Amino acid sequence: MASLFTGRVLVVNNSAQDELDTEWELGRRLENKVLLLYFGSGECPRCQKFSLLLRDFFVRLTDEFYVERASQLVLVYVSQDETEEKQTKFLKTMPKGWLSLPFKDEFKRVLELRFAVSDVPAVVVLKPNGEVIVGNAVEEIRRMGPACFRNWQEAAELVDRNFLLAEDFDDLARSSITDPIRRLKYKLNKKTKNEEKKEEGEESC
């Protein structure tokens, strides 16, 4: 997948605006992952509504608050914004894990033509080798939410299959919360029993 962006720069959506521009950096971030190309705009009414949904979709699959381990998923924002300021403003409201092409990079137009994007919002889903899994997954994401990643993961034939939906993680989270309480209760009970035995031993003497 890194080959798609060979010679390009991808910007990490964080406060430092880190740039990935070497083959190693791009490979480490993109290889063996399902890639989403999000064609959108912060000013487009349809995109505004969908972007909120996509933000939640991405977070629920990659934030370890919701999943046992971050899913093998990466998103590149292909801006259709009118100005760089508008692109920057929009990205500030989106997850830090998103990547984007620099505003002035003409490669955005190349991607539009290559994947036949004629309207926004549009989400192109790609395998690690660059093959298209879904030409536009907007409706699938709206309909199925994070569950649709299962289908993409199987189609992509990723090396490490590791996926846990938010509802599956709820049980694990509850267990993680109650485990310390159970351990404390066990220690207190054990301590009480030991003290009782000690007292019985002293009385027998």
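The values are calculated or read from the model by the stated rules, or taken from the named source; none is laboratory data. If you're wondering where the values come from, they're calculated on a predicted model, not measured in any experiment. Cβ: placed from backbone, ideal geometry, glycine included. Neighbour counts: every protein chain shown. All accessible areas refer to the heavy atoms of the entire protein, side chains included, with ligands and DNA or RNA removed. Shrake-Rupley method; radii C 1.70, N 1.55, O 1.52, S 1.80 Å.
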Please enumerate the residues belonging to the range 105-126 that are closer than 12 Å to L10 by Cα and either basic (K, R) or surrounded by 21 or more Cβ atoms within 10 Å (Cβ to Cβ) (or both). K108
Any chance L158 is open to solvent by less than 20 Å² (accessible area, probe 1.4 Å) and modelled with pLDDT under 95: yes
I need every pair where a residue in the range 128-154 that is closer than 18 Å to F115 by Cβ has its Cβ under 6 Å from the Cβ of a residue that is of a type in the set (A, V, I, L, M, F, W, C) and part of a helix (DSSP H, G or I), sequence separation at least 6 or different chains. G130/L4; I133/W152; I133/A155; E140/C148; I141/F57
So in the range 18-76, with the set limited to residues that are modelled with pLDDT of 90 or more and acidic (D, E), which one is nearest to L101 (Cα to Cα)? E19
